[in-house]
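Before any comments, here is the structure.
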Amino acid sequence: MNEHKPDWYDRMKQGPFRERTFTDERMDDILRQARSGTAGRLVKGWHYAAGFAAVLILFFVIYTQQPAWFGSQTNAPAASPDVTLPPVSEPPPTEEPESQVYYVKGETGAYPAPEYHTMEPPAFTVMPGMAVKKKGAAESGFVLIEADGREGYVYEWYLTKDAGERTVQTVEPYVLLVGEPLKFRMHPEEAEPSGFTLHAGKVVKVTKEYEDWVCFDMITYDQPYEGEKWVKRSELAAWDPAKATEGKLRPGADVYEGKMIPAELPADDVIYLKEKLEGQTYQIQSAGGFTGFILYQDFVPNPFLPATASNWLLTPSEVREFEAYSQIKDDEQLRLLKPLDVFQYYVYAQELNDAETVYALYMKDDGYELPDYETYTNDLSRDPAERERTLQLWEKLKMGYSVKEEIDGDEALIRITPVNGGSPEDTKGFRLVRNADGIWKVAWMPMQ
């Protein structure tokens with residue numbers, strides 16, 4: 001069967017190079033163009049293309065291989081170094097929120113329970129400026145605090161946000177009297193007094209002050225009362241031994257259980273004058289519940305006197321000798337007395353407000369300064385507060401100072417020293433001199 005063959009079939013059979021295209025004439029033509037510069041432009045373009053290709057190749061190598069000077073290679077992961085991680089520490093303790101931290105503006109006790117009239121002593125004491133943590137809301141005026149790992153209840157009034165506030169001042173104790181019946185508060189800002197009534201003649205010992213308020217201790221006879229007691233200073237009367245109804249029994253004094261029936265009162269027990277009977281006899285009751293009878297002269301006002309105060313006090317027999325001297329005021333009655341005895345006479349006479357006996361005890365020999373009696377008494381009358389200051393001084397000294405006699409020839413010094421140490425500036429002296437008759441008398445202005 002004859003098939004029809006198209007024209008291109010015959011041309012394909014003749015091959016692709018049936019005619020010569022790269023002849024000698026064509027070669028000569030290319031050389032002529034090269035010499036004329038056309039080929040130079042072609043060569044320069046080829047150089048640019050070759051340079052661009054080289055840059056591409058270099059970029060490809062850098063990107064894919066990352067030589068060592070550019071850091072670790074990406075095509076082979078580096079071995080992990082042996083790194084020791086720091087130990088995981090516990091987070092620091094969380095600080096207390098500032099709103100819970102308060103400061104104490106005065107020394108006070110922290111009690112086991114929030115009770116007004118507690119019988120329990122404080123669990124511990126917090127001092128002025130101490131930082132404490134307030135735990136919870138106030139309860140009956142108290143608030144629970146934590147201080148140095150201990151917990152207790154304090155009056156919320158004592159807490160302040162001001163770390164520098166020290167408005168409650170602890171003072172050297174001194175005694176005052178209840179003049180008119182009054183009730184006390186547990187802190188100065190208590191709306192109404194929560195304390196019970198104190199009656200006239202009761203002795204209180206002031207330990208702290210705040211503005212025109214004072215905080216005091218007192219003796220209770222049925223049960224202890226450990227809470228704080230505050231009143232305005234103006235509500236209390238100045239110390240006056242003649243008005244005090246609480247004190248102690250004079251060393252060596254007799255106590256009677258009934259009419260002339262001797263009894264024994266516990267040593268150093270506190271007593272109060274329950275009732276005045278005939279003459280100078282008083283019925284007394286002690287803090288321990290004892291009831292008996294004493295002579296008034298054997299009553300020593302001030303229940304806060306320590307045992308060390310005994311060398312300030314006259315014995316019952318010495319009181320009788322003093323009374324005899326105060327009647328006659330003859331120096332011969334002093335001849336057998338030592339300087340300390342004369343000193344005790346002087347203090348006792350001032351406590352009795354016996355100006356004549358006080359003046360009689362002064363040194364009157366020529367050459368010694370002493371105003372006449374009229375000038376002396378006029379000076380006393382012009383300064384009524386002087387007696388109050390004098391009585392307060394003696395009572396303060398008796399509560400915290402001991403006395404010792406020192407003799408140097410015709411001079412004697414009663415050295416008055418703080419019982420609990422103190423500084424040399426706290427030591428005081430009382431001067432006496434021996435007169436021409438060899439009798440010890442008090443020098444004018446004796447306190448040094």
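The values are calculated or read from the model by the stated rules, or taken from the named source; none is laboratory data. It should be emphasised that the depicted structure is a prediction, and the values quoted were computed from it without experimental measurement. In this analysis, Cβ positions are derived from the backbone assuming ideal geometry, glycine residues included, and neighbour counts consider all displayed protein chains.
A few comments on the model shown:
- For region 179-202, a residue qualifies if it is surrounded by 13 or more Cβ atoms within 10 Å (Cβ to Cβ) and under 27 Å from the mean Cα position of the chain (by Cα), and the qualifying residues are Phe184, Arg185, Met186, His187, Pro188, Glu189, Glu190, Pro193, Ser194, Gly195.
- Residue satisfying condition, being surrounded by 19 or more Cβ atoms within 10 Å (Cβ to Cβ) and closer than 30 Å to Gln223 by Cβ, within set Pro339, Pro303: Pro303
- Residue satisfying condition, being in a strand (DSSP E or B), surrounded by fewer than 17 Cβ atoms within 10 Å (Cβ to Cβ) and not basic (Lys, Arg), within set Thr170, Thr207: Thr170
- Among the residues making up region 395-447, those that are under 16 Å from Glu369 (Cα atoms) and not in a strand (DSSP E or B) are Asn435, Ala436.
- Only residues that are in contact with a Phe, Trp or Tyr (Cβ under 7 Å, 6 or more places away or on another chain) and either at pLDDT 95 or above or closer than 20 Å to Val203 by Cα (or both) were counted in region 396-412, giving 4.
- Hits in region 149-166 (condition: touching a Phe, Trp or Tyr at 6+ places or on another chain (Cβ under 8 Å) and within 19 Å of Pro121 (Cβ to Cβ)): Arg150, Gly152, Tyr153, Val154, Tyr155
- Filter pass, Gly164 being out of contact with any Ser or Thr (no Cβ under 7 Å at 6 or more places or on another chain) and outside any strand (DSSP E or B): yes
- Qualifying residue in region 126-149 (condition: farther than 16 Å from Asp217 by Cβ, more than 13 Å from the chain's Cα centre (by Cα), of a type in the set (S, T, N, Q) and assigned to a loop (DSSP other than H, G, I, E, B)): yes
- Selection within region 154-165 - touching a residue at least 60 places away in the same chain (Cβ under 8 Å) and within 18 Å of Ala110 (Cα to Cα): Tyr155
- Filter result for the condition that a residue is in contact with a strand residue (DSSP E or B) (Cβ under 6 Å, 6 or more places away or on another chain) and either at pLDDT 90 or above or acidic (Asp, Glu) (or both), over Gly195, Gly136: Gly195
- Under the condition of being more than 24 Å from Gly400 (Cα to Cα) and surrounded by 13 or more Cβ atoms within 10 Å (Cβ to Cβ), the residues counted in region 428-442 number 6.
- In region 376-427, the residues that are of a type in the set (A, V, I, L, M) and either outside the structural domain of Ala349 (by TED's automatic domain parsing) or loosely packed, with under 12 Cβ neighbours inside 10 Å (or both): Ala385
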